[in-house]
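Engineer: Dropping a structure here in structure tokens format, bear with me for questions.
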Amino acid sequence: MFKFITNKPFWVNMLIAAGIFLLLLVLFFSSLGFLTRHNENAKVPQVTGRNIEEARRLLEAKGFDVEVQDSVYIDNAEKLSVIRQSPEADAVVKSNRTIYLTINRAIAPLVDMPDLRGFSYLSAKLYLQSLGLKLGDTSYTPDIAKNAVKEQLFKGKAINPGSKIDMGSTIDLVLGSGVGTTEVNVPDLTGMTLAQARDYISNLGLSISAINAEGTVTDRENAFITRQLPEPFETLPDGTRGPNKIRAGQLIDIWISATPPAVVDSAAAPLP
């Protein structure tokens, strides 16, 4: 073969080499369509809303590869259903293209219940939505802070901040209706724990405002109330004592301590 090449003039060898190069070039471009499947396009079917397994079978039957790219949780969507697809439905792509899917989780993720007490109605609603929780029913209780959240309820019961609940759960709110018109006697909270006082005055339509600690208090709810404002009694013009009055919805400031207050001899104190 080499003798055949060397026996030819140089210009003949150049022509032969150029011909071989052109032949290879033609063969390359002729096979390019086959190698890249240039003419094998397909329309992406609509799989959003379908179960992931059904969507996978449909896409693979059309010649597509399937990959689950992400998962989200939408409480009103079917579990393990396709929420989004990329490329979108009806896009024309190569038949071997990978279709990326986002599916709905089978189990709702847990979120921490926030402390909404003191929030306005609108702020509480937006906060719940940001956590994937839903606002349920609203009710009202006499309170000076109108439309402020006084209680947060889950399935009819008070829920503490930090409690783990399913995303998509419904939270009911108790809002303040404003100061009431009915006057009641100021309750005497001295000696009660903070938790006891909360339960007691909630039945009267009252709330605790400022909580002031005397000394070191590590467990506020079980700390003892040592004094309060307004006080349960007031001194009348004739020097006797009479019950102080307060309207439903107003607030009481308290002071708490880790130790209970000294017991006052009621016999030595003037009676109303």
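The values are calculated or read from the model by the stated rules, or taken from the named source; none is laboratory data. From a predicted model like this one, the values you see are computed outputs, not experimental measurements. Reconstructed Cβ throughout: ideal geometry from the backbone, glycine too, with neighbour counts over all protein chains shown. Accessible surface is based on the protein model in full, side chains and every heavy atom, while ligands, DNA and RNA are left aside. Shrake-Rupley method; radii C 1.70, N 1.55, O 1.52, S 1.80 Å.
Engineer: Spot the failing condition for P187; the list is (1) assigned to a strand (DSSP E or B); (2) open to solvent by less than 60 Å² (accessible area, probe 1.4 Å), and only one is missed.
Structural biologist: Answer for P187: the failing condition is (1).
Engineer: Kindly check whether there is at least one residue in segment 96-117 that is over 25 Å from the mean Cα position of the chain (by Cα) and of a type in the set (D, E, K, R).
Structural biologist: The initial filter retains those residues of segment 96-117 that are over 25 Å from the mean Cα position of the chain (by Cα), namely 96-100.
Checking the rest, the ones that are also of a type in the set (D, E, K, R) come to 97.
Checked segment 96-117: at least one residue is over 25 Å from the mean Cα position of the chain (by Cα) and of a type in the set (D, E, K, R).
Engineer: Let me ask something else about it. Out of I252, I256, report the one residue that is under 27 Å from S177 (Cβ atoms), part of a strand (DSSP E or B) and within 40 Å of the chain's Cα centre (by Cα). I'd like the intermediate steps shown before the answer.
Structural biologist: Details: I256 fails: under 27 Å from S177 (Cβ atoms).
Going through I252, I256 in turn, the sole match is I252.
Engineer: Continuing with this model, one more query. Starting from residues that are β-branched (V, I, T) and out of contact with any Phe, Trp or Tyr (no Cβ under 9 Å at 6 or more places or on another chain), keep the ones in segment 198-236 and report whichever is most open to solvent (accessible area, probe 1.4 Å). Reasoning before the result, please.
Structural biologist: First, pick out the residues of segment 198-236 that are β-branched (V, I, T): 201, 208, 211, 216-218, 225-226, 235.
Next cut, out of contact with any Phe, Trp or Tyr (no Cβ under 9 Å at 6 or more places or on another chain) only: 201, 208, 216-218, 235.
Working: I201: 3, I208: 29, T216: 114, V217: 34, T218: 136, T235: 103 Å².
Among residues in segment 198-236 that are β-branched (V, I, T) and out of contact with any Phe, Trp or Tyr (no Cβ under 9 Å at 6 or more places or on another chain), the one most open to solvent (accessible area, probe 1.4 Å) is T218.
Residue-wise test of (1) touching a Gly at 6+ places or on another chain (Cβ under 7 Å); (2) under 23 Å from L251 (Cα atoms); (3) not in a strand (DSSP E or B).
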position	(1), (2), (3)
G118	no, yes, yes
A124	no, yes, yes
Q129	no, no, yes
V149	yes, yes, no
L153	no, yes, no
N160	no, yes, yes
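The rows are residues; the columns are (1) charged (D, E, K, R); (2) farther than 30 Å from Q46 by Cβ.
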{"residue": "E88", "(1), (2)": "yes, no"}
{"residue": "A91", "(1), (2)": "no, no"}
{"residue": "K94", "(1), (2)": "yes, no"}
{"residue": "T98", "(1), (2)": "no, no"}
{"residue": "N104", "(1), (2)": "no, no"}
{"residue": "P109", "(1), (2)": "no, no"}
{"residue": "Y121", "(1), (2)": "no, yes"}
{"residue": "L126", "(1), (2)": "no, yes"}
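Engineer: Also, quick follow-up: For segment 119-137, how many residues meet the condition of being under 19 Å from L206 (Cα atoms) and either open to solvent by 60 Å² or more (accessible area, probe 1.4 Å) or touching a helix residue (DSSP H, G or I) at 6+ places or on another chain (Cβ under 8 Å) (or both)? Full working, then the answer.
Structural biologist: Applying the first criterion (under 19 Å from L206 (Cα atoms)) to segment 119-137 yields 119-120.
Checking which are either open to solvent by 60 Å² or more (accessible area, probe 1.4 Å) or touching a helix residue (DSSP H, G or I) at 6+ places or on another chain (Cβ under 8 Å) (or both) leaves us with 119.
Total meeting the criteria: 1.
Engineer: Something else: Name the residue that is farthest from V184 (Cα to Cα), counting only residues in segment 237-249 that are open to solvent by less than 70 Å² (accessible area, probe 1.4 Å), outside any loop (DSSP other than H, G, I, E, B) and not β-branched (V, I, T). Even if it seems obvious, please write down each step before you answer.
Structural biologist: First, pick out the residues of segment 237-249 that are open to solvent by less than 70 Å² (accessible area, probe 1.4 Å): 239-244, 246, 248-249.
Adding the requirement that they be outside any loop (DSSP other than H, G, I, E, B) leaves 241-243, 246.
Next, from what is left, pick out any that are not β-branched (V, I, T): 241-243.
Numbers: R241: 16, G242: 13, P243: 9 Å.
Filtering segment 237-249 for residues that are open to solvent by less than 70 Å² (accessible area, probe 1.4 Å), outside any loop (DSSP other than H, G, I, E, B) and not β-branched (V, I, T), the one farthest from V184 (Cα to Cα) comes out as R241.
Engineer: Taking R227, is it in a strand (DSSP E or B), touching a Ser or Thr at 6+ places or on another chain (Cβ under 9 Å) and over 30 Å from P109 (Cα atoms)? Before you say what the answer is, go through the steps one by one.
Structural biologist: On the way: in a strand (DSSP E or B): yes; touching a Ser or Thr at 6+ places or on another chain (Cβ under 9 Å): yes; over 30 Å from P109 (Cα atoms): yes.
It is true that R227 is in a strand (DSSP E or B), touching a Ser or Thr at 6+ places or on another chain (Cβ under 9 Å) and over 30 Å from P109 (Cα atoms).
Engineer: Right, here's the next one. Which members of segment 92-114 meet the condition of being touching a strand residue (DSSP E or B) at 6+ places or on another chain (Cβ under 8 Å), open to solvent by 50 Å² or more (accessible area, probe 1.4 Å) and not in a strand (DSSP E or B)? Walk me through how you get there before you give the answer.
Structural biologist: Going residue by residue through segment 92-114, those that are touching a strand residue (DSSP E or B) at 6+ places or on another chain (Cβ under 8 Å) are 92-105, 108-113.
Then drop every residue that is not open to solvent by 50 Å² or more (accessible area, probe 1.4 Å), which leaves 92, 94, 96-97, 100, 105, 110, 112.
Residues satisfying the conditions are N96, R97, R105.
Engineer: Select from segment 148-168 the residues that are touching a Leu at 6+ places or on another chain (Cβ under 9 Å) and either touching a residue at least 40 places away in the same chain (Cβ under 8 Å) or open to solvent by 60 Å² or more (accessible area, probe 1.4 Å) (or both) and list them in ascending order. I'd like the intermediate steps shown before the answer.
Structural biologist: Taking segment 148-168 first, the residues touching a Leu at 6+ places or on another chain (Cβ under 9 Å) are 148-153, 159, 161, 164-168.
The answer is K150, E151, I159, P161, K164, I165, D166, M167, G168.
Engineer: Sticking with this one: Please work out which residue is modelled with the highest pLDDT, limiting yourself to segment 69-85 and to residues that are part of a strand (DSSP E or B), open to solvent by 60 Å² or more (accessible area, probe 1.4 Å) and not acidic (D, E).
Structural biologist: In this case the residue turns out to be R84.
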